[in-house]
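The values are calculated or read from the model by the stated rules, or taken from the named source; none is laboratory data. Worth saying up front: this structure is predicted, and the values here are computed from it rather than measured. Virtual Cβ from ideal backbone geometry, glycine too; neighbours counted across all protein chains shown. Note: accessible area is taken over every heavy atom of the protein model, side chains too, but ligands, DNA and RNA are not part of it. Shrake-Rupley method; radii C 1.70, N 1.55, O 1.52, S 1.80 Å.
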Amino acid sequence: GGMGEVFLARQSGVAGFDRLVILKSLLPDLAAQQDFVDQFLDEARVAATLNHPNIVSIYDVGEFNSTYYIAMEYVPGEDLSKLWYAAAKAGVGLPFQVSVRICFEAALGLDHAHKARDVRGSPLNIVHRDVSPQNIMVRGDGVVKLVDFGIAKAANKSSRTQTGMVKGKLQYMSPEQVRGEALDGRSDQFSLGVVLWAMCTGRRLFKADTEIITLQKILQSPIPK
């Protein structure tokens, strides 16, 4: 990613404990800048509050030799964009029932995040803000895992997105997100709907030749049934 490196690592312990994990570390040149450290740790802070079978689990967060890291669940599978591409390349497409099941499980994970509360019972008001095929993992046995809360909005984050700054993948954004308005879980639901539309039709709903035209389509164009 833009801020860190991602490794496949092995975690071992007493009594033969052994498992594969994903180790995400902050790039050394960014570790000296507090803003980037805050953003990196915010991802762990948000994801660590979530405990759901359709959200990747956080195992550990720490610092080693001045390197910040997040250890998280390893998902043996592929992200949805790779599955979609492989199906298209094979000329078969993704079956409708499979597409619906994937989005159904992703929706369960999002619903848990949207309703999450801290240890005091206060709403965390989490919004993922980057629901896209790249952030929906499908395990080898079919289980779906939502990943990457790196740009999520949440009440327990120490860093804040600057006013007027829009984060996320443009073609999957809601009109409210494009306009920089206050967001809640409905924005993520819209983005997931865009993903499902694309999976079922084999076409990108808002994809255009330029970002300006893509923006116009999101804000103005009616959505074909």
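Overview of results
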| read-out | value |
| --- | --- |
| Number of positions in the range 190-208 that are among the aromatic types (Phe, Trp, Tyr) and open to solvent by less than 50 Å² (accessible area, probe 1.4 Å) | 2 |
| Residue within the range 158-165 that is modelled with pLDDT of 90 or more, open to solvent by 20 Å² or more (accessible area, probe 1.4 Å) and farther than 23 Å from LYS24 by Cβ present | no |
| Residue list for the range 15-29, restricted to those being under 20 Å from ASN65 (Cα atoms) and exposed (fewer than 12 other Cβ atoms within 10 Å of the Cβ) | ASP29 |
| First in the range 23-43 and in a helix (DSSP H, G or I), second anywhere and open to solvent by less than 20 Å² (accessible area, probe 1.4 Å) and of a type in the set (Phe, Trp, Tyr), Cβ under 7 Å, 6 or more apart | GLU43/PHE149 |
| Qualifying residue in the range 39-57 (condition: more than 18 Å from the chain's Cα centre (by Cα), open to solvent by less than 90 Å² (accessible area, probe 1.4 Å) and over 21 Å from LYS145 (Cα atoms)) | no |
| Which listed residue, of ALA48, ALA44, is in contact with a strand residue (DSSP E or B) (Cβ under 6 Å, 6 or more places away or on another chain), modelled with pLDDT under 80 and closer than 30 Å to GLY140 by Cα | ALA44 |
| The one condition in (1) within 23 Å of the chain's Cα centre (by Cα); (2) surrounded by 13 or more Cβ atoms within 10 Å (Cβ to Cβ) that GLN11 fails to fulfil | (1) |
| Residues satisfying the stated conditions in the range 63-103, i.e. among the aliphatic types (A, V, I, L, M) and exposed (fewer than 12 other Cβ atoms within 10 Å of the Cβ) | ALA90, VAL92 |
